[in-house]
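First the structure, in the form of structure tokens, and then the observations on it.
The values are calculated or read from the model by the stated rules, or taken from the named source; none is laboratory data. Given the structure is predicted, the values throughout are model-derived calculations rather than measurements. Glycine gets a Cβ as well: all are built from the backbone with ideal geometry, and neighbour counts include every protein chain shown.
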Amino acid sequence: MSVNEVGTVLLPPPPPKVDEVKFVKPVIAKSEENIEQKIIKTGDIRFESNDLEETYSQIIAAVKKHHAVIQNDTEGKDNNSVFRRLAVRVPSKNFDLFLDDISKGVTYFDNKEISSQDVTEEYIDVDARLKAKKVLEARYLELLKKANKVSEMLEIEAQLSTIREEIEAKEGQLRYMQSQVSMSTITIEFYKTVANEGGATISYVSKIWNAIKSGFNEISNFFIVLLSIWPFLIILAVILHFIRKRFKKKIQ
């Protein structure tokens, strides 16, 4: 920045956008002095229950014990089962203990998926860009204090407005990542098989067995149909044989 003989503040050319600045990829060394790793952990489990209310009570007890929060609670019916699905947010440090508590009494999981995503480098990168934006904001604030003309002030304030929007966006990214890191999400679905129209309860294994039997029945029915029409098939084969033989004689 410079001042001419008239005393007018000469604005420097607009600085390059922060997104155009080449940041050096952060190197995360295994040292206690470095930033704490940012891990987003999620879980998704599904299992059968003999008593939905008892299972729900067990989950609620674990929620209170580990300072978790139920984010979503859904109940419904699907085919021959009734189910309940919960989305629970639990402090990441209590993730494994919470999972152990809600898994007590479960003999088999239809689905159990636990995943971890390391967002440490992304967090550091966004944080570095945020700091650069704030440095740029401070520079423009200094220029604003020294500006004498209204046009200069308006130009600087326009730049500041853009920079502050970008700062808010970066801060929002950091808050979201920190929220996902500090509170893990576990989706829990448990269900109970119910009686069909005939009054019998159909389990998952029974459904598989019924499907196999149904397949064999279809094959048996096919052979029965063939046996019932075999005389007609023989007659048809004889007729086709004579037609073919006669056709060959005509050609010769």
From (1) of a type outside the set (Gly, Ala, Ser); (2) in contact with a Ser or Thr (Cβ under 9 Å, 6 or more places away or on another chain); (3) over 18 Å from Thr185 (Cα atoms), pick out the condition that doesn't hold for Glu142. (2)
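Output the residue which, of all residues in segment 171-200 that are over 27 Å from the mean Cα position of the chain (by Cα) and exposed (fewer than 12 other Cβ atoms within 10 Å of the Cβ), is modelled with the highest pLDDT. Spell out how you get there, then give the answer.
Residues of segment 171-200 that are over 27 Å from the mean Cα position of the chain (by Cα), as a first pass: 193-200.
Filter again for exposed (fewer than 12 other Cβ atoms within 10 Å of the Cβ), leaving 195-200.
Values: Ala195: 69, Asn196: 61, Glu197: 55, Gly198: 52, Gly199: 49, Ala200: 49.
Applying the filter and picking the extreme gives Ala195.
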Which of (1) of a type outside the set (Asp, Glu); (2) modelled with pLDDT of 95 or more; (3) within 21 Å of Glu113 (Cβ to Cβ) is the odd one out, the single condition Lys64 does not satisfy? (3)
Residue list for segment 35-67, restricted to those being part of a loop (DSSP other than H, G, I, E, B) and either of a type in the set (A, V, I, L, M, F, W, C) or under 24 Å from Lys192 (Cβ atoms) (or both): Ile35, Ser49, Asn50, Asp51
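Might you let me know whether segment 33-42 holds any residue that is of a type in the set (A, V, I, L, M, F, W, C) and at pLDDT below 70? Can you show your working first?
Just the residues of segment 33-42 that are of a type in the set (A, V, I, L, M, F, W, C), to begin with: 35, 39-40.
Now restrict to residues that are at pLDDT below 70: 35.
Yes, that holds for at least one residue.
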Are there strands (runs of 3 or more DSSP E) fully within segment 68-166 with at least 2 residues that are loosely packed, with under 15 Cβ neighbours inside 10 Å? List them. 69-78, 109-118
